[in-house]
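Student: Structure incoming, see below.
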Amino acid sequence: MAKNRYYCELTFADLNYKKRIAVNTRFLIKNKLEGIGLFTCEALKYITQSHPDIEFYFLFDRPFDSEFIFAQNVKPVVLFPPARHPFLWYWWFEISVAGWLAENKPDLFLSPDGYCCLKTAVPQVMVIHDLAFEHFSDHVYGLTHRYYKYFTPRFAQKASRIATVSEYSKSDIARLYQIDTGKIDVVYNGAKEVYRPVSDHIKNEVKATYAINCNYFLYVGSIHPRKNIKNLLLAFEQFKSETSSDFKLLLVGRKAWDFEDVDVAYSKMKFRDDVKFLGHLPPADLGNIVASAYALVYVSLFEGFGIPLIEAMSCNVPVITSNTTSMPEVAGDAALLVNPLSVSDISLAMKKLAEDGQLRDSLIAKGKIQLQKFSWELTGEKLWRCCEVVLNK
């Protein structure tokens, strides 16, 4: 009887045990949610609110905003130092995080920003968004590039499971780092609710404010070499030279690094008065600008996903994008695909859309269908399933 009673006590204790997940939330910074930060925010919001029986510990590297404490089962922890440099990345993950994990022994460590902790026995799920640095080494400099090259393959081997944002990135990770594809889950991105169709009244207001009451092509994203902005400007110049169109080109996003070639190309444009760099904009303003565009032109050289593509589709705006890396996968048949290295190819796609209203309508209709594959709810659900595989081992 004593043995049976002891067995029952253990069983009830096990039933009352709450699983605990520590999460790297370095990229949850108020008013600075781009790319990885947006993925982290939306996925964690869904996961924490959908699983109130789990205790989540959000590990920040600086003071945090309360808007990121998504539910009562979230406990914030600030670990020194603020990690925005390779030496500090190492300190934060391999000393501060490793120490916290050793002391608190959670059931899982989830790291959604492409890093993990090598000095821990805690099971880990990491999200690798892309391996752009492996393909464009000249776009990442010095110690940062050496850090990525040395540690990322080690992170991939160390992680219990990996999530990534496209089938392209999955195959890239498996091929470059000799990772079994069975260890990698594809977790697509989503689009925020601010991206939705708007009324003709709002479209007219936006055009009056930013485009002198004209239709406009739009680019959204940071400005650096991989985004191929120079060729976009040259293509727009060719489009304007070959048509009598009054179209404008608006570019929304911060200047990140190595944008001198863009500045030079812009300064030499005959039609530079038809181009506007709007910088970083608040989400509400950006949503209206995307929804009022004639088309999004996103001809990046490399993307692990390309969130602006589905943001445009969410607004019933057609897309011109690159025929490389993940972009054909994300766009499906709902975009005109171009060679991003060919100025003429990009320009011809602009011309086709500007002159063919039926083609534009067709792409919008196909975009509505393609969009069904993507939502932040699906992102959160698929990332949770990835975590569950490790938790249930």
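The values are calculated or read from the model by the stated rules, or taken from the named source; none is laboratory data. Everything quoted here is computed from the prediction, not taken from an experiment. A quick note on method: Cβ atoms are made from the backbone with ideal geometry, for glycine too, and the neighbour counts reach across all protein chains shown. Remember, those area values only see protein heavy atoms, side chains included, never the ligands or the DNA or RNA. Shrake-Rupley method; radii C 1.70, N 1.55, O 1.52, S 1.80 Å.
Student: Evaluate region 94-112: report whether one residue or more is within 22 Å of the chain's Cα centre (by Cα), of a type in the set (Asp, Glu) and part of a loop (DSSP other than H, G, I, E, B). Please lay out each step first, then the result.
Tutor: Initial filter on region 94-112 (within 22 Å of the chain's Cα centre (by Cα)): 109-112.
From what is left, the residues that are of a type in the set (Asp, Glu) are none.
No, region 94-112 has no match at all.
Student: Here's a follow-up. Take the residues in region 55-76 that are without any contact (Cβ under 8 Å) to a residue 40 or more places away in the chain, in contact with a helix residue (DSSP H, G or I) (Cβ under 8 Å, 6 or more places away or on another chain) and aliphatic (A, V, I, L, M), then tell me which one is nearest to Ala22 (Cα to Cα).
Tutor: Val74
Student: Keeping to region 360-369, report how many residues are surrounded by fewer than 20 Cβ atoms within 10 Å (Cβ to Cβ) and in contact with a helix residue (DSSP H, G or I) (Cβ under 6 Å, 6 or more places away or on another chain).
Tutor: Quick first cut of region 360-369, residues surrounded by fewer than 20 Cβ atoms within 10 Å (Cβ to Cβ) only: 360-362, 364-366, 368-369.
After this cut, where a residue has to be in contact with a helix residue (DSSP H, G or I) (Cβ under 6 Å, 6 or more places away or on another chain) as well, the list is 360.
Of the residues in region 360-369, 1 are surrounded by fewer than 20 Cβ atoms within 10 Å (Cβ to Cβ) and in contact with a helix residue (DSSP H, G or I) (Cβ under 6 Å, 6 or more places away or on another chain).
Student: Additional query: So if I check each of Val343, Val275, Val264, which one is modelled with pLDDT under 95, more than 30 Å from Val187 (Cβ to Cβ) and not basic (Lys, Arg)?
Tutor: Working: Val343 fails: modelled with pLDDT under 95; Val275 fails: modelled with pLDDT under 95.
When all the criteria are applied, what remains is Val264.
Student: Which ones in region 162-186 are small (Gly, Ala, Ser) and open to solvent by less than 40 Å² (accessible area, probe 1.4 Å)?
Tutor: First, the residues of region 162-186 that are small (Gly, Ala, Ser): 163, 166, 169, 171, 174, 182.
Of everything in region 162-186, those that are small (Gly, Ala, Ser) and open to solvent by less than 40 Å² (accessible area, probe 1.4 Å) turn out to be Ala163, Ser166, Ser169, Ala174.
Student: So, in region 51-93, exactly how many residues are outside any helix (DSSP H, G or I), open to solvent by 80 Å² or more (accessible area, probe 1.4 Å) and either among the polar types (S, T, N, Q) or within 24 Å of Tyr150 (Cα to Cα) (or both)?
Tutor: 3
Student: Moving on. Spot the failing condition for Met126; the list is (1) open to solvent by 50 Å² or more (accessible area, probe 1.4 Å); (2) touching a residue at least 24 places away in the same chain (Cβ under 8 Å); (3) not in a loop (DSSP other than H, G, I, E, B); (4) not β-branched (Val, Ile, Thr), and only one is missed.
Tutor: Of (1) open to solvent by 50 Å² or more (accessible area, probe 1.4 Å); (2) touching a residue at least 24 places away in the same chain (Cβ under 8 Å); (3) not in a loop (DSSP other than H, G, I, E, B); (4) not β-branched (Val, Ile, Thr), only one is false for Met126: (1).
Student: Could you check region 140-161 and list, in sequence order, the residues that are of a type outside the set (A, V, I, L, M, F, W, C), part of a helix (DSSP H, G or I) and buried (at least 18 other Cβ atoms within 10 Å of the Cβ)?
Tutor: To start, the set of residues in region 140-161 that are of a type outside the set (A, V, I, L, M, F, W, C) comprises 141-142, 144-150, 152-154, 157-158, 160-161.
This time we only want the ones that are part of a helix (DSSP H, G or I), so: 142, 144-150, 152-154, 157-158.
Correct list: Tyr147, Tyr148, Thr152.
Student: Report the residue count in region 334-351 for those that are closer than 25 Å to Tyr195 by Cα and surrounded by fewer than 14 Cβ atoms within 10 Å (Cβ to Cβ).
Tutor: Going through region 334-351 one residue at a time, the tally reaches 0.
Student: Kindly evaluate Leu38 against the criterion of being touching a Cys at 6+ places or on another chain (Cβ under 9 Å), at pLDDT below 95, aliphatic (A, V, I, L, M) and over 17 Å from Trp100 (Cβ atoms).
Tutor: In short, no.
Student: Filtering region 269-297 down to residues that are among the aromatic types (Phe, Trp, Tyr) and farther than 21 Å from Lys32 by Cα, which residue is surrounded by the fewest Cβ atoms within 10 Å (Cβ to Cβ)?
Tutor: Checking each candidate, the answer is Phe271.
Student: Further question: Just checking, how many residues over region 210-263 are within 20 Å of Val319 (Cβ to Cβ), charged (D, E, K, R) and not in a helix (DSSP H, G or I)?
Tutor: Summing the residues that are within 20 Å of Val319 (Cβ to Cβ), charged (D, E, K, R) and not in a helix (DSSP H, G or I) in region 210-263 gives 1.
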